[in-house]
Each structure stands twice: as C-alpha cells, then as structure tokens.
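Below is one structure, written out as structure tokens; comments come after it.
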C-alpha cells in the first residue's frame, strides 16, 4: 500500500467563533418627574465589531424611547435618549494555524436590543430601562489546512489532445449556437 501524501494549503476560513448574551440597565432622564411608565422600546441600533486577539469587541448605540405619564397621571410625554454599550465577545473556537493577524470580522445580532422592563428609579426622578441583546461573531483569516494528495500529486492525461480534432469539435459546437443571420455577418 502506497504511503499517503499531504500538502498544506493556505486559505481564508472561519478561524474563531463566539456568542454572547448581555443585559444592561440604562438610566433615562425625563423632563418631568414621572408618575407611571406607559411603554418603552429600543430603536435605531447601530454597531461595529473589531477583532482583538482572543475576543471581538462590539461597540454600538441605540435609542431608548420611554412613554411616561407625569403631573399625577394627567399628562404624557415620550423621552428619547441615545445610549452606548461595549460588549466583549470571547472566542470559544480558535484556529491555532492562523498565519496573519489581518482578520475580517462578521458580526450579527441573534437578539436585537429589546427592553425587558422599565421602571421609575428609587428617587422617583429618572427611569431605569433593562435592555437585552445577543451577538454571534466569526473571525475570518488566512490559515493552513492539510489535504491528502492522490497518486503522489501527479495528474496523468488519459489521452493526448489532437489540436486539429479539438478545433473541429469546437467548430461543430459553435455552429449549433449561431443563427443563419449570424453566419451571414
């Protein structure tokens, strides 16, 4: 039995993966002292991701819109505040064969930021919004893979090519794809 031969190939591949679920409490300052929270939602989510050795840093912002009543529940208003966050997503799968530090990062939210709960702060003048989010990240870089080579890496031609025969076959094929108008030109 012949000994198997292997070659190393350099290719781009997923070299690291990670996932992280986060919750944050954000304090929103309304213009009036709130009596009641009527609703809270998160919109305008923007983020960017950056690779840092054994993790991906996801930084972003979103708007927290809170509808609340004030003046003893006689009036309502919506307060909107843009808040920022920074999540460190550790890489649970890492390729040891990476040959360059030049990496591309793919990041997508598995759970868009969502308000779980909004309540009036203990002092009664602010609103605390509990927000959840989850990201999946992949790091793509150049790595080495080993592949098994058949027949000691040699490619043998089954038959010799005859140039005249090849031209004749190609000519026959070409005529099938031309119309009579094409041939007149």
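The values are calculated or read from the model by the stated rules, or taken from the named source; none is laboratory data. Note that the structure is a prediction, hence the values are computed from the model and not measured. Ideal geometry is used to build each Cβ from the backbone, glycine not excepted, and the neighbour counts take in all protein chains shown.
Checking the conditions here, which among 33, 48, 12 is farther than 13 Å from residue 113 by Cβ, assigned by TED's automatic domain parsing to the domain that holds residue 87 and more than 17 Å from the chain's Cα centre (by Cα)?
33
From the set of residues in region 63-79 that are free of Cβ contacts under 8 Å to residues at least 24 places away in the same chain and under 15 Å from residue 28 (Cβ atoms), which is surrounded by the most Cβ atoms within 10 Å (Cβ to Cβ)?
Among those residues, the one meeting the criterion is 63.
Which members of region 65-119 meet the condition of being under 24 Å from the mean Cα position of the chain (by Cα) and either outside the structural domain of residue 12 (by TED's automatic domain parsing) or in a loop (DSSP other than H, G, I, E, B) (or both)?
91, 92, 95, 96, 97, 99, 100, 101, 102, 103 - these are the residues of region 65-119 that are under 24 Å from the mean Cα position of the chain (by Cα) and either outside the structural domain of residue 12 (by TED's automatic domain parsing) or in a loop (DSSP other than H, G, I, E, B) (or both).
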